[in-house]
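Trainee: I am attaching a structure below and will ask some questions about it afterwards.
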Amino acid sequence: MKVARAHARVADPRSEWAHMQSMTLIRENRAVYVEDLCVAGLVRTRLAKSVHVAGWGMFTRLSEEKAARYGRHFSKVDRWFPSSPMCSVCGRVDGKKSLSVREWTCLCGAVHDRDLNAARNILAAGRAERRNACGETASLPAWWGARLDETGTHRGGV
């Protein structure tokens with residue numbers, strides 16, 4: 001009983017946090033895009049404790065379920081998509097970087113924070129995948145600059 005209570009003291013706040021954060025995320029956003037990380041693979045590395053403590057798998061599962069329940073779009077970007085080494089300005093892939101590299105400069109002159117750059121790339125990849133998915137129509141807002149029948153075009157026709 002003591003062990004069960006100790007586990008509950010850890011698991012219950014973590015579960016409550018995941019429910020509250022996923023609900024906030026889904027409530028405030030009409031579309032959510034996440035990177036499809038290999039959680040089982042991350043658990044076998046030196047980051048195992050951090051991955052378990054963060055509860056990434058549970059958080060994404062809850063977010064996906066709540067998005068379906070509340071009519072929001074939830075999508076996972078492929079885990080092999082180069083979100084960190086790709087420049088979000090020019091699209092150049094600079095090559096694999098170690099996790100210790102937190103900031104880098106592209107040849108186009110843009111200075112990137114690793115996490116912010118990855119977030120921008122994941123957002124762009126998720127939006128592109130949603131617009132060009134088979135069987136879906138491209139429902140672009142009027143300010144996007146492309147006609148609705150032009151799937152795959154970019155803002156401003158570039």
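Trainee: What FRET efficiency comes out for the pair Met1/Phe81, r = Cβ-Cβ distance, R0 = 35 Å, nearest 0.05? Can you show the working numbers first?
Mentor: Values: r = 46 Å, r/R0 = 1.33.
It comes to 0.15.
Trainee: Name the long-range amide H neighbours of Val32: under 5 Å, sequence gap of 5 or more, or other chain; modelled H, no Pro or chain starts.
Mentor: It is His73, Phe74, Ser75, by chain and number.
Trainee: Going highest first, how would you order 16-28, 89-101 by mean Cβ packing within 10 Å?
Mentor: Numbers: 16-28: 14.5, 89-101: 10.3.
The packing order, highest mean first, is 16-28, 89-101.
Read the figures in this text as sums done on the coordinates, not as results from a lab. The structure presented is a predicted model; accordingly, all values stated were derived computationally and were not measured. Positions of Cβ are backbone-derived with ideal geometry, glycine not excepted, and every protein chain shown enters the neighbour counts.
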